[in-house]
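Scroll down for the structure; my scribbles are underneath it.
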Amino acid sequence: MILTGFGPGAGYRRRARIAACPCRSLAYPWQQLRPEGGAVNSRPEQVTVASPSMTAGQPVALTGRTGERRRRRSGLVRSKARAGLIITAPVMVLIGLLVLVPVIQAIYYSFTNWNGLTATSVGFSNFASSIFSGPGVGQILLNNLVFIVSVPIAVGIEYCLAYALWTGVPGRTALRIIYFVPVIFSWAIVGILFRTMLLQFAPDWLANPVTSLVVLVVAFHWTTFGVNVLIMFAGLSTMDRNLIEAASIDGAGQVKTMLRIVGPLMLPFIDFALITTLILSLTSIFGLIYAFNFGGPGYGTTTMEFNLYEDGFTNGNFGLAAATGILLMVVTMLVSLIRVIPTVRRFRAS
């Protein structure tokens, strides 16, 4: 910036280059107009004005109260970071003791033949038995695959229903309450309820592995249905209804609007419901399986989670149960990452 001001032998003018100068925000009202070739600062404690030798890309040195405010701000940020670390330190210690230490122990015992008292190394034989040679391993893996495949289908149905409620279906408040009622029941109660219904109306279904698995999957999604519908409805409630009006004016039907216009905007809520339901289907339905049909007939309704219990607490082979638990953890992480990674990328891009 070049300023010319009042002074002996100077042209009394001011060049209109202030707007183009990178340090123009520093031209305070109290600054004096100065002659060309000089840099006079009437208040040095406030700001240092650049001389003509300064180039546009060079930093401007700030002093006085401005620098002090910046130092105070950086000190406040550091103190907040220290306070946050102090507050979260006990939680991190608890997580380490209650989560990380058991996981490390499970990994260690998964390579041993552990009966609860003594452990002898067996290498990878536990993992080979859990994946390839264990009793009913093929049926167990197939059952888990059926649950995994059923989750996207159920979440899609829940999204369609939530969209119908959002667009103004009569009695939608009562319907939301009805859909949410199964959530108040525990897995054991749901298992007993569906088992009682089958014994009453279709007892042969409990003796058939295929029909038993189908009913078990339906019971699982019946319980999670209400929560996912409410999640979808909450997401739709944040949408602008003018989107629907604009789409209808452009000639888009309800199905196209739901899938092509509202659907992409609902992806964060759909992904959340999808990931949580997948994790539940793999790791949280032991009570449902136990109360429904004890994993039978045969291995017809046994999953990796239920098989872990059978290996450890029925057969007394805790090493094999630990290996099954590690495999279940890996499968759950891999299945979840299928949707977690795109979700994280989308949030970063936004």
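The values are calculated or read from the model by the stated rules, or taken from the named source; none is laboratory data. These figures come from a predicted structure and were not determined experimentally. Glycine gets a Cβ as well: all are built from the backbone with ideal geometry, and neighbour counts include every protein chain shown.
Considering only helices (runs of 4 or more DSSP H) fully contained in region 274-350, which possess at least 1 residues that are out of contact with any helix residue (DSSP H, G or I) (no Cβ under 9 Å at 6 or more places or on another chain) and in the same structural domain as residue 192 (by TED's automatic domain parsing)? Don't jump to the end; show me each part of the working.
Numbers: elements: 286-293, 304-309, 318-349.
Where helices (runs of 4 or more DSSP H) fall fully within region 274-350 and carry at least 1 residues being out of contact with any helix residue (DSSP H, G or I) (no Cβ under 9 Å at 6 or more places or on another chain) and in the same structural domain as residue 192 (by TED's automatic domain parsing), they are 318-349.
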Being more than 30 Å from residue 264 (Cα to Cα) and in a helix (DSSP H, G or I) is true for just one of 199, 175. Which residue is that? 199
Can you name every residue in region 104-142 that is over 21 Å from residue 331 (Cβ atoms) and surrounded by 16 or more Cβ atoms within 10 Å (Cβ to Cβ)? 112, 113, 114, 119, 122
Looking at region 307-320, can you tell me whether even one residue there is under 21 Å from residue 219 (Cβ atoms), aromatic (Phe, Trp, Tyr) and buried (at least 16 other Cβ atoms within 10 Å of the Cβ)? yes
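Table: residues versus (1) surrounded by 13 or more Cβ atoms within 10 Å (Cβ to Cβ); (2) under 27 Å from the mean Cα position of the chain (by Cα); (3) within 17 Å of residue 221 (Cα to Cα); (4) not assigned by TED's automatic domain parsing to the domain that holds residue 213.
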{"residue": "165", "(1), (2), (3), (4)": "yes, yes, no, no"}
{"residue": "171", "(1), (2), (3), (4)": "no, no, no, no"}
{"residue": "177", "(1), (2), (3), (4)": "no, yes, yes, no"}
{"residue": "180", "(1), (2), (3), (4)": "yes, yes, yes, no"}
{"residue": "194", "(1), (2), (3), (4)": "yes, no, yes, no"}
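Where residues in region 330-350 are within 21 Å of residue 146 (Cβ to Cβ) and crowded, with 16+ Cβ neighbours inside 10 Å, which of them is modelled with the lowest pLDDT?
First pass over region 330-350, keeping only residues within 21 Å of residue 146 (Cβ to Cβ): 330-339.
Applying the additional criterion that residues be crowded, with 16+ Cβ neighbours inside 10 Å yields 331-332, 335-336, 339.
Working: 331: 91, 332: 92, 335: 88, 336: 87, 339: 83.
This residue is 339.
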